[in-house]
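Enquirer: Quick one: the structure is below, and I'll ask about it shortly.
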Amino acid sequence: MKILAILTGGLLAVATAGADSTSIYHEGWIDLNKNGKLDVYENPTLPIEKRVNDLLKRMTIDEKIGQLWQTHMDKDADVTMAQTIRNGGVGSFLDGSTVIETPILRNKLQHIAIEQSRLGIPLILGHDAIHGFRTVFPIPLAQACAWEPELFERTQTIAAREASAAGIDWTFAPMVDLARDPRWGRIAEGFGEDPYLGSLDAIASVKGFQGPSVAGPEQVVACVKHYAGYGAAEGGRDYNTTEISPFTLRNFYLPQFKAAIDAGALTVMSAFNDLDGIPASGNPFTLTEVLRKEWNFPGFVVSDYNSVVELIDHGLAADDEEAARIALTAGVDMEMMSTTYVETVKAQIDEKKISKETLDNAVRHVLTVKFAKGLFDRPYTDEARYKIAYLNPDAVALAREAAAKSCVLLKNDNGILPLSKHVKIVLIGPLGSDGEEMVGPWYSRAHAEECVSLATGIQQKLSYGSELNVSRGCAIFEMGKSRVHVGDYSPISEHPTGTNEIAEAVEAAKNADVVVMALGEPRDWSGEDGSRSSLDLPGRQQELLDAIAATGKPIVVVLFNGRPLALPNVFSNATAVLEAWFPGIQGGNGVADLLFGDIDPSGRLTTTFPYSVGQVPMYYNHDNTGRPGIGGHWHGNYVDGPSVPFLPFGFGLGYTTFHYGEVQLGSPTLTTNEMLTASVDVTNTGKRPGIEVAQLYIRGLAFAGGTRPVRELKGFQRILLQPGQTQTVSFTLAPNSLGFYDAQGHWIVQPGKFQLWICQDSASGAPATFELEK
């Protein structure tokens, strides 16, 4: 029996706790020693470093190694894992496929760790709350298109509030991988192709998850992933090899990680991929030289799922023993799922293949995070919280707001949008009535019945007497088939399905004033292992669109997808196109708010849309070649198609139009001690109020330290203008922001000439020129 001091209202009340003291799960507690005094590591008034060092001295090697293992939390883990927990043989559980929506099982496991193990070291429970828990928000790629980093802070604050109520201490998010290849399914989880905007979104996400104090009961520890270079997978195939030069790694793939860590993120996840010949989960350069020595990261690194033992498949390690040694010494502190640490590290220490110092450093990192999270002082989750934490009105309202802000209007011929609420509408397409598909690939604990479909959203907008007819038109796939399997020689999309449905949809369209088509891809074609070899609409959706277009009716296409698609054939038949991504549980309502003009579209693309899959990777911030130019011979253009994007980074329309004047600079020259001011007059030239996103780009010319991209985003402003209103939009640039990293990680600011744009997207506007002098 342990003597516990329960923290209640700032006072200590002594109580006894047996094996079933569930009544104190919601209270803080302190374990008193035999003399009625606190051990150093149990004293919440002492610095974390002192508590960690004291605890380390008390731990056996087995207990230390146990802290470095995370395993799956099955529904009966309180029985099957009880003795392992008592022995200190596990430090963390992963809530994956087990449907955990209450903290009851988590508290049972924590009870064993706290009250039945020798030292009472708490467990930490991790979960993938990527963009929401029960209230699931738009996928991160969609939210990034709002160009409003504060939106991430707000949505992730709700995600943390709901996840923590279920007993989650730690979320495997944000994913900050820069992605330039839309074939890669996990592009849906990130912020797009720009490191500047991505860094702001990463910072906001960390703030939302961890809050002003990560020890707060409604906060969770953030985990920045996947470190590093995962988004550059060859061919867009998940888990695949990446080849990234040090220069490109430093300037494009690492900035978001550093920004998140500087914002206080306490954990990092090592990636699956091989980076320049060394797998990321065994890479001492990225994990130790950069992360620890250059960035002074104080938290811990967790491997991705089984990625330590997968060093064997990579060909870097011969067996489990070598895989554990490589990963641990490279800087992976906690092993997720695979068991090479718990099975081989102790013997390797005895054989002096791994130093005790290496083990202690890893354990120190894990314990530091557990202390920072407050798990030693408040290990249990209040079991009443989850009953009132989910789907609160503020969360649902934010989900609807985020869905609307995340949409990007790509086409709007003849001003067909916004729609009238007094017209006869037919909704056609396989995604029109399916609310469950709206939540995307990482839907956490969303419930199907809580997801709002586009059909529901539109129906609620129509005036009394207006008519909505709904027709699926076609299924995306044959029943039970959604993927091409080994041995298939043709894609599933060629299988003939839905012929009668297409004919029925055509007849329905003929009787409508306007057709809304809900097209796209299934949610499980995005996210992890959701790679695609084509970017066209899957199944018979293009055939369906062509058939409806032949009726001559105006068509509004709403796209639900997790990546940029190749859209020329969609644009040729659609009057309007709205990119809605996977917009979350309130997606139907948020999209309907835009379609009917209750909210004006203000989203802008954060990733380039190609004409065809053959163009990818295609991204705005590329270097020039020695033979630049579009068209003509000997300029490196395609002979069978365009060499420019179909839609550029930063693109997006509204229900009004804007005009940009000439960019004005405060001075054509500046020194390294001066600030540069740049401004432009923006005028709303339409008949409706609208939000414009003014974007600031620069280009550095003639630098000996390395070539610079043709444009780099350096700032943006969202401005609301009334019809006819003109506003001067101004930016201030510090000379230090004009620099770049060299291959060794040094930030270089070189004198020279620059171009500067303030414009609507990365392919528009005329540049002004200035010079940075010594």
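Enquirer: Is there a residue in the stretch 157-176 that is in contact with a helix residue (DSSP H, G or I) (Cβ under 7 Å, 6 or more places away or on another chain), surrounded by fewer than 24 Cβ atoms within 10 Å (Cβ to Cβ), assigned to a helix (DSSP H, G or I) and modelled with pLDDT of 95 or more?
Expert: yes
Enquirer: In the stretch 43-86, which residue that is in a loop (DSSP other than H, G, I, E, B) and touching a Gly at 6+ places or on another chain (Cβ under 7 Å) is surrounded by the most Cβ atoms within 10 Å (Cβ to Cβ)?
Expert: Looking at residues that are in a loop (DSSP other than H, G, I, E, B) and touching a Gly at 6+ places or on another chain (Cβ under 7 Å), I get GLN67.
Enquirer: Right, another one. Select from the stretch 737-760 the residues that are in contact with a Phe, Trp or Tyr (Cβ under 7 Å, 6 or more places away or on another chain), assigned to a loop (DSSP other than H, G, I, E, B) and either small (Gly, Ala, Ser) or open to solvent by less than 20 Å² (accessible area, probe 1.4 Å) (or both) and list them in ascending order.
Expert: GLY739, ALA743
Enquirer: Of the conditions (1) open to solvent by less than 10 Å² (accessible area, probe 1.4 Å); (2) part of a loop (DSSP other than H, G, I, E, B); (3) out of contact with any strand residue (DSSP E or B) (no Cβ under 7 Å at 6 or more places or on another chain), VAL332 satisfies every one except a single condition; which number is it?
Expert: VAL332 satisfies every listed condition except (3).
Enquirer: Only one of (1) outside any helix (DSSP H, G or I); (2) farther than 30 Å from TRP170 by Cβ; (3) under 27 Å from the mean Cα position of the chain (by Cα) is not met by LEU427, so which one is it?
Expert: (3)
Enquirer: Residues in the stretch 406-424 that are closer than 14 Å to LEU594 by Cα, part of a helix (DSSP H, G or I) and open to solvent by 40 Å² or more (accessible area, probe 1.4 Å): how many? Working first, answer last.
Expert: First pass over the stretch 406-424, keeping only residues closer than 14 Å to LEU594 by Cα: 406-412, 415-421.
From the residues that got through so far, the ones that are part of a helix (DSSP H, G or I) too are 406, 415.
With open to solvent by 40 Å² or more (accessible area, probe 1.4 Å) added as a condition, the list becomes 415.
Residues that pass the stated criteria total 1.
Enquirer: Moving to a separate point now. If I go through the stretch 264-293 residue by residue, how many of them are acidic (Asp, Glu), open to solvent by 40 Å² or more (accessible area, probe 1.4 Å) and closer than 24 Å to ALA179 by Cβ?
Expert: Restricting attention to the stretch 264-293, the residues satisfying the condition of being acidic (Asp, Glu) are 274, 276, 289.
Subsequent filtering for residues that are open to solvent by 40 Å² or more (accessible area, probe 1.4 Å) retains 276, 289.
After this cut, where a residue has to be closer than 24 Å to ALA179 by Cβ as well, the list is 276.
Residues flagged as acidic (Asp, Glu), open to solvent by 40 Å² or more (accessible area, probe 1.4 Å) and closer than 24 Å to ALA179 by Cβ within the stretch 264-293 amount to 1.
Enquirer: Follow-up. Looking at ALA702, ALA734, ALA763, can you tell me which residue is in contact (Cβ under 8 Å) with a residue 12 or more places away in the chain, open to solvent by less than 60 Å² (accessible area, probe 1.4 Å) and among the hydrophobic types (A, V, I, L, M, F, W, C)? Full working, then the answer.
Expert: Values: ALA702 fails: open to solvent by less than 60 Å² (accessible area, probe 1.4 Å); ALA763 fails: open to solvent by less than 60 Å² (accessible area, probe 1.4 Å).
Just one listed residue meets the conditions, ALA734.
Enquirer: Let me ask something else about it. Mind listing just one residue for me: the one in the stretch 101-122 that is open to solvent by less than 10 Å² (accessible area, probe 1.4 Å) and part of a loop (DSSP other than H, G, I, E, B) and, of those, nearest to THR606 (Cα to Cα)?
Expert: Top of the filtered list is PRO103.
Enquirer: Here's another thing I want to ask about it. Search the stretch 657-699 for residues being over 31 Å from the mean Cα position of the chain (by Cα) and acidic (Asp, Glu), and hand back the single one that is surrounded by the fewest Cβ atoms within 10 Å (Cβ to Cβ).
Expert: Ranking the qualifying residues of the stretch 657-699, first place goes to GLU662.
Enquirer: Can you name the number of the only condition in (1) in a strand (DSSP E or B); (2) touching a residue at least 60 places away in the same chain (Cβ under 8 Å) that ILE585 fails?
Expert: Of the numbered conditions (1) in a strand (DSSP E or B); (2) touching a residue at least 60 places away in the same chain (Cβ under 8 Å), the odd one out for ILE585 is (1).
Yes or no, residue by residue, for (1) in a helix (DSSP H, G or I); (2) of a type in the set (Gly, Ala, Ser):
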{"residue": "VAL308", "(1), (2)": "no, no"}
{"residue": "ALA318", "(1), (2)": "no, yes"}
{"residue": "ILE326", "(1), (2)": "yes, no"}
{"residue": "LYS346", "(1), (2)": "yes, no"}
{"residue": "THR358", "(1), (2)": "yes, no"}
{"residue": "ALA362", "(1), (2)": "yes, yes"}
{"residue": "LEU367", "(1), (2)": "yes, no"}
{"residue": "ARG378", "(1), (2)": "no, no"}
{"residue": "LYS387", "(1), (2)": "yes, no"}
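Enquirer: Of a type in the set (A, V, I, L, M), under 23 Å from GLY208 (Cβ atoms) and either open to solvent by 40 Å² or more (accessible area, probe 1.4 Å) or at pLDDT 95 or above (or both): is that true of VAL301 in this structure?
Expert: Details: of a type in the set (A, V, I, L, M): yes; under 23 Å from GLY208 (Cβ atoms): yes; either open to solvent by 40 Å² or more (accessible area, probe 1.4 Å) or at pLDDT 95 or above (or both): yes.
Against the criterion (of a type in the set (A, V, I, L, M), under 23 Å from GLY208 (Cβ atoms) and either open to solvent by 40 Å² or more (accessible area, probe 1.4 Å) or at pLDDT 95 or above (or both)), VAL301 qualifies.
Enquirer: Another question, if that's okay. Select from the stretch 304-329 the residues that are among the charged types (D, E, K, R), more than 19 Å from LEU359 (Cβ to Cβ) and either free of Cβ contacts under 8 Å to residues at least 12 places away in the same chain or open to solvent by less than 50 Å² (accessible area, probe 1.4 Å) (or both) and list them in ascending order. Spell out how you get there, then give the answer.
Expert: Going through the stretch 304-329, the residues among the charged types (D, E, K, R) turn out to be 304, 310, 313, 319-322, 325.
Narrowing the set further to residues that are more than 19 Å from LEU359 (Cβ to Cβ) leaves 304, 310, 313, 319.
Across the stretch 304-329, the qualifying residues are ASP304, ASP313, ASP319.
Enquirer: Just one of the numbered conditions (1) in contact with a Lys or Arg (Cβ under 8 Å, 6 or more places away or on another chain); (2) aliphatic (A, V, I, L, M); (3) not in a loop (DSSP other than H, G, I, E, B) is not true of ALA397; which one?
Expert: (1)
Enquirer: Could you tell me which numbered condition ALA146 fails, if it satisfies all but one of (1) open to solvent by less than 10 Å² (accessible area, probe 1.4 Å); (2) outside any loop (DSSP other than H, G, I, E, B)?
Expert: Against the list (1) open to solvent by less than 10 Å² (accessible area, probe 1.4 Å); (2) outside any loop (DSSP other than H, G, I, E, B), ALA146 comes up short only on (2).
Enquirer: For the stretch 65-72, state whether one or more residues are under 26 Å from SER526 (Cβ atoms) and touching a strand residue (DSSP E or B) at 6+ places or on another chain (Cβ under 7 Å). Step through it out loud before you land on a result.
Expert: Within the stretch 65-72, the subset under 26 Å from SER526 (Cβ atoms) is 70, 72.
Applying the additional criterion that residues be touching a strand residue (DSSP E or B) at 6+ places or on another chain (Cβ under 7 Å) yields 70, 72.
Yes; the residues of the stretch 65-72 include at least one that is under 26 Å from SER526 (Cβ atoms) and touching a strand residue (DSSP E or B) at 6+ places or on another chain (Cβ under 7 Å).
Enquirer: If you go through the stretch 360-385, how many residues are surrounded by fewer than 20 Cβ atoms within 10 Å (Cβ to Cβ) and more than 30 Å from VAL345 (Cβ to Cβ)?
Expert: 4
Enquirer: Additional query: List the number of the failed condition for ALA188; all other conditions in (1) under 24 Å from VAL290 (Cβ atoms); (2) under 11 Å from the mean Cα position of the chain (by Cα) hold.
Expert: (1)
Enquirer: In the stretch 60-72, what residues are under 10 Å from VAL363 (Cα atoms) and out of contact with any Lys or Arg (no Cβ under 7 Å at 6 or more places or on another chain)?
Expert: GLU63, LYS64, GLY66, GLN67, LEU68
Enquirer: Moving on. Starting from residues that are aromatic (Phe, Trp, Tyr) and surrounded by fewer than 22 Cβ atoms within 10 Å (Cβ to Cβ), keep the ones in the stretch 591-618 and report whichever is farthest from ASP181 (Cα to Cα).
Expert: Applying the first criterion (aromatic (Phe, Trp, Tyr)) to the stretch 591-618 yields 596, 609, 611.
After this cut, where a residue has to be surrounded by fewer than 22 Cβ atoms within 10 Å (Cβ to Cβ) as well, the list is 596, 611.
Values: PHE596: 33, TYR611: 13 Å.
Restricting to residues being aromatic (Phe, Trp, Tyr) and surrounded by fewer than 22 Cβ atoms within 10 Å (Cβ to Cβ), the top hit is PHE596.
Enquirer: Looking for whichever is touching a strand residue (DSSP E or B) at 6+ places or on another chain (Cβ under 9 Å) and more than 28 Å from SER463 (Cβ to Cβ) here; the options are PRO610, PRO583. Which one fits?
Expert: Values: PRO583 fails: more than 28 Å from SER463 (Cβ to Cβ).
Sole residue among the options that is touching a strand residue (DSSP E or B) at 6+ places or on another chain (Cβ under 9 Å) and more than 28 Å from SER463 (Cβ to Cβ): PRO610.
The values are calculated or read from the model by the stated rules, or taken from the named source; none is laboratory data. Values in this document were obtained by computation on a predicted structure and should not be read as measured data. In this analysis, Cβ positions are derived from the backbone assuming ideal geometry, glycine residues included, and neighbour counts consider all displayed protein chains. The area values use the complete protein model at the heavy-atom level, side chains included, leaving out ligands, DNA and RNA. Shrake-Rupley method; radii C 1.70, N 1.55, O 1.52, S 1.80 Å.
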